[in-house]
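Chemist: Dropping a structure here in structure tokens format, bear with me for questions.
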Amino acid sequence: MAGPALAGVLVGQFGARVPLLLDAVSYLALVAAGLLIRTRRGGARTVRDVHPVPAGAVADGHPTLAYGDGSAPRWRLRPDRLLFAMVASLAGVVGAVGAINVIEVFFIRETLGSSTTVYGLVTGAWTLGIAAGAWALAPLARRLTDDGRLLGTGLLLLGGCCLAVLVSAAVPSAWLLMPIWLIGGVLNGGNSVVSNVLLARRVPEAARGRAYAVFGASVQGASMAGLAAGGLLLDLADPRPLVAACGVAGLLVVAASAVPVVRAGRAERSAATHAATPAGTPPGAGLATSEAAR
């Protein structure tokens, strides 16, 4: 969170070379830290090591597909409609709004006439909001045990992020941009919690590395497309209308994602209800039992 503000001060005092060198050192330190991490070695764990249930049984409410020899479960994103809808909607929004990461430099520095330090503080406000939102909204994710409703909540949070970008296009000063982006960051942090909780709930432990790789590749790929679009768009229009266009594009993607997200949630609840009904139970038996007990 201190990085953007520190970069603004360093650029203002020393130019771009010093902060770039510090960035290089920090990345080299990250590589060194990775090499120092001790990990367990000696072969892959099997499904029985991770989930002591028979192949094809249900673990944590979701089917665990395994090879006949009990090796790691096969996991694919596409068959899980709910996770697929989550990844597709998030990647779509990131791709639509991603151009803001290029446009914001010119919007804050040139259109709003701010210094490099102010630019750093403004961008740091969104990052601060992410941390605050993740902390504040984590209890909500724990309470929402229905994955469909949790995904719907995440989509609403994404819509709030896009709305914050749209509203920011109207500000006359960068200082007014800070509270708006702080709120946008809070919503962004909440959506990150939702995404991580859904992945952790629905993917077997042995396949989570692959799941997070697929998720990260989708979102980062969409972000790269947004960055490329931002550079092209700046040659065609001024920064302020482009900021508004990013917000509108994100809201349109959220609106388009609402139908598949709702359908995935309904299908999930229907499958859960069907799985909870014992084989051979006549329709309405559960309701009759409930009425008799009452």
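The values are calculated or read from the model by the stated rules, or taken from the named source; none is laboratory data. Keep in mind the model is a prediction, meaning the values are calculated, not measured. All Cβ positions, glycine included, derive from the backbone under ideal geometry; neighbour counts span all protein chains shown. Note: areas computed on protein heavy atoms with side chains; ligands, DNA, RNA excluded. Shrake-Rupley method; radii C 1.70, N 1.55, O 1.52, S 1.80 Å.
Chemist: Tell me, what is the FRET efficiency for S173 and E205 to the nearest 0.05, using R0 = 45 angstrom and their Cβ-Cβ distance as r?
Modeler: My answer for the efficiency is 0.40.
Chemist: For the full complex of protein chains and a 1.4 angstrom probe, list E104, E110 by accessible area with the highest value first.
Modeler: E110, E104
Chemist: Considering Cα pairs under 8 angstrom that are at least six residues apart, work out the relative contact order of the range 117-276 and quote it in whole percent.
Modeler: Numbers: 163 pairs, mean separation 58.5, N = 160.
Over the range 117-276, the number comes to 37 percent.
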